[in-house]
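Asker: Here it is, the structure in full.
The values are calculated or read from the model by the stated rules, or taken from the named source; none is laboratory data. Because the structure is a prediction, the values reported are computed rather than measured. Cβ sites come from the backbone with ideal geometry, for glycine too, and all protein chains shown count toward neighbours. Quick note on the areas: whole protein, heavy atoms, side chains included, nothing else; ligands and nucleic acids left out. Shrake-Rupley method; radii C 1.70, N 1.55, O 1.52, S 1.80 Å.
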Amino acid sequence: MRPDAEVEPGSLLVAAPSLNDPNFKRTVVYIIDQRPEGTLGVVLNRPSEVAVHDVLPPWGPHVSKPQCVHIGGPVEQKTALCLAALKAGTDPSTVDGLVGVQGPVALIDLDAEPDDLLPLVRGLRVFAGYSGWGEGQLAGEIERGDWIVVTGLADDVLAGANTDLWGRVLRRQGMPLALLSTYPADVRTN
């Protein structure tokens with residue numbers, strides 16, 4: 001079995017404490033698409049200083065707090081993606097402007113009219129750029145121990161800026177993974 005066989009849309013990649021790449025240190029990546037030729041996701045816990053209303057005025061007042069653009073990853077940072085947690089009973093396959101990802105999480109077409117889609121969502125987040133892996137690349141990183149693959153929740157997509165999402169996701173995994181949530185950001189300060 002390939003090391004990335006358990007990765008699917010809706011999975012989370014939680015950076016191992018040993019992953020020191022500045023793009024991914026202590027990040028939680030939500031997987032949007034996984035295919036044999038590659039994987040696409042967004043970093044959930046990297047808010048920027050840029051307000052959504054400054055770059056996408058129609059959507060600015062509607063994004064979940066903090067109302068800033070999040071850094072989805074190092075790839076194509078001038079591209080915007082929007083993830084939404086849908087209200088119960090909403091089927092994204094029946095709504096223009098929504099593309100289902102997993103369960104109540106969907107991508108929103110930012111060219112759509114916000115007023116048409118807002119009654120269907122309970123929260124949304126805008127990301128600049130994304131995280132991407134080519135064929136076999138993610139499997140190698142998982143095998144090396146860079147990522148811990150866990151099941152994601154819709155509320156992870158909407159986590160606030162003051163939430164330690166990395167620690168929260170690890171704590172809910174139970175032992176022994178929960179112990180990693182106490183790993184210091186800098187072991188020299190331990």
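Asker: Can you say whether D155 is more than 15 Å from A85 (Cβ to Cβ), of a type outside the set (G, A, S) and either surrounded by fewer than 17 Cβ atoms within 10 Å (Cβ to Cβ) or at pLDDT 95 or above (or both), as far as the supplied structure shows?
Answerer: Considered against the rule, which asks whether it is more than 15 Å from A85 (Cβ to Cβ), of a type outside the set (G, A, S) and either surrounded by fewer than 17 Cβ atoms within 10 Å (Cβ to Cβ) or at pLDDT 95 or above (or both), D155 comes out as no.
Asker: Suppose we keep only residues that are hydroxyl-bearing (S, T, Y) and out of contact with any Pro (no Cβ under 9 Å at 6 or more places or on another chain) within the stretch 63-90. Which one would you say is nearest to A159 (Cα to Cα)?
Answerer: It comes out as S64.
Asker: Modelled with pLDDT of 95 or more, within 14 Å of R125 (Cα to Cα) and in contact with a Leu (Cβ under 6 Å, 6 or more places away or on another chain): is that true of V29 in this structure?
Answerer: yes
Asker: For the stretch 91-113, name all the residues that are open to solvent by less than 30 Å² (accessible area, probe 1.4 Å), free of Cβ contacts under 8 Å to residues at least 40 places away in the same chain and part of a strand (DSSP E or B).
Answerer: Within the stretch 91-113, L98, A106, I108 meet the criteria.
Asker: Right, here's the next one. Give me the pairs, please: first residue somewhere in the stretch 14-42 and touching a residue at least 60 places away in the same chain (Cβ under 8 Å), second residue anywhere and in a loop (DSSP other than H, G, I, E, B) and hydroxyl-bearing (S, T, Y), beta-carbon distance under 7 Å, and either six or more positions apart or on two chains.
Answerer: Pairs that qualify, where the first residue is touching a residue at least 60 places away in the same chain (Cβ under 8 Å) and the partner is in a loop (DSSP other than H, G, I, E, B) and hydroxyl-bearing (S, T, Y), are A15/T27; P17/Y183.
Asker: Taking the stretch 114-163 as the region of interest, how many residues are free of Cβ contacts under 8 Å to residues at least 12 places away in the same chain and closer than 25 Å to Q77 by Cβ?
Answerer: 3
Asker: Every residue in the stretch 46-59 that is in a loop (DSSP other than H, G, I, E, B) and either within 16 Å of A84 (Cα to Cα) or touching a residue at least 24 places away in the same chain (Cβ under 8 Å) (or both), please.
Answerer: Hits for the stretch 46-59 are R46, L56, P58, W59.
Asker: Among the residues of the stretch 77-90 satisfying the criterion of being open to solvent by less than 60 Å² (accessible area, probe 1.4 Å) and either among the charged types (D, E, K, R) or under 16 Å from R125 (Cβ atoms) (or both), which is nearest to the chain's Cα centre (by Cα)?
Answerer: L83
Asker: If you check L118 against the conditions, is it more than 15 Å from V14 (Cβ to Cβ), touching a strand residue (DSSP E or B) at 6+ places or on another chain (Cβ under 9 Å), assigned to a helix (DSSP H, G or I) and open to solvent by 10 Å² or more (accessible area, probe 1.4 Å)?
Answerer: So L118 fits the description; yes.
Asker: Now for a separate question. Go through (1) over 17 Å from S64 (Cα atoms); (2) loosely packed, with under 12 Cβ neighbours inside 10 Å; (3) among the small types (G, A, S) and name the single condition G160 misses.
Answerer: (1)
Asker: While we're here: Quick check on my filter: what residues within the stretch 88-110 are charged (D, E, K, R) and at pLDDT 95 or above?
Answerer: Matches in the stretch 88-110: D109 only.
Asker: Residue by residue through the stretch 60-90, note down the ones that are under 14 Å from L44 (Cα atoms), in contact with a Phe, Trp or Tyr (Cβ under 8 Å, 6 or more places away or on another chain) and assigned to a strand (DSSP E or B).
Answerer: The answer is V69, H70, I71, A80, L81, C82, L83.
Asker: Here's another thing I want to ask about it. Could you check, for the stretch 14-33, whether at least one of its residues is aliphatic (A, V, I, L, M), out of contact with any strand residue (DSSP E or B) (no Cβ under 7 Å at 6 or more places or on another chain), open to solvent by less than 40 Å² (accessible area, probe 1.4 Å) and under 19 Å from I71 (Cα atoms)?
Answerer: yes
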